[in-house]
Amino acid sequence: MDISINKKNILITNNPKIFEEVNSNNIQIIYLPDLDFMGILYKARDYIHLCYKLLTHPIVSSIKPYETPYKSIALSNNNGVLDLESLELIEGSIALTKNFLDKPRRKLTESIDEDFKLIDYKLVVGAIESIL
């Protein structure tokens with residue numbers, strides 16, 4: 001892994017709003033702006049293989065994976081133990097998202113793009129506040 005992790009909890013995201021506004025002593029933000037929704041899922045899977053476990057479900061809300069470009073996933077270091085439940089969840093989420101890859105994505109206006117950033121932000125910030 002090319003990124004050094006300094007904290008037990010990490011948040012993988014491509015959402016600039018999270019990168020700009022979340023500052024926590026309890027979680028390290030790994031901001032990957034060049035990755036799409038699927039890329040964030042794959043990166044989370046990479047960390048699960050490195051013995052991290054999911055703190056947030058990879059697919060949340062009623063927004064379909066093809067509708068939003070933003071994804072944020074919180075994970076925690078599992079002390080060298082592969083978490084099979086996390087692996088199963090991320091693999092299922094990847095498979096589900098692959099089903100939507102051929103769906104047409106509508107062009108996002110700046111307003112809609114900002115809404116998707118905010119939705120992802122609210123979902124993940126609410127989740128990590130209750131977890132950490």
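Quick notes
- Positions within segment 93-132 being touching a strand residue (DSSP E or B) at 6+ places or on another chain (Cβ under 9 Å) and at pLDDT below 85, in sequence order: ALA127, ILE128, ILE131, LEU132
- Meets criteria (surrounded by 15 or more Cβ atoms within 10 Å (Cβ to Cβ) and of a type in the set (Ser, Thr, Tyr)) for SER24: no
- Test set (1) open to solvent by 50 Å² or more (accessible area, probe 1.4 Å); (2) closer than 19 Å to TYR121 by Cα - ASN14 fails condition number: (1)
- Condition check for LEU101: more than 20 Å from ILE131 (Cα to Cα) and open to solvent by 70 Å² or more (accessible area, probe 1.4 Å): yes
- Of all the listed residues (GLY92, GLY126), the sole one being under 22 Å from ASN25 (Cα atoms), open to solvent by 30 Å² or more (accessible area, probe 1.4 Å) and not aliphatic (A, V, I, L, M) is GLY126.
- Any hit, segment 39-52, residues being farther than 16 Å from ALA127 by Cβ and at pLDDT below 95: no
The values are calculated or read from the model by the stated rules, or taken from the named source; none is laboratory data. A quick note: this is a predicted structure, and the numbers were derived from the prediction, not measured. Every residue, glycine among them, receives a Cβ derived from its backbone with ideal geometry; neighbour counts consider all protein chains shown. Accessible surface areas use protein heavy atoms only, side chains included; no ligands, DNA or RNA. Shrake-Rupley method; radii C 1.70, N 1.55, O 1.52, S 1.80 Å.
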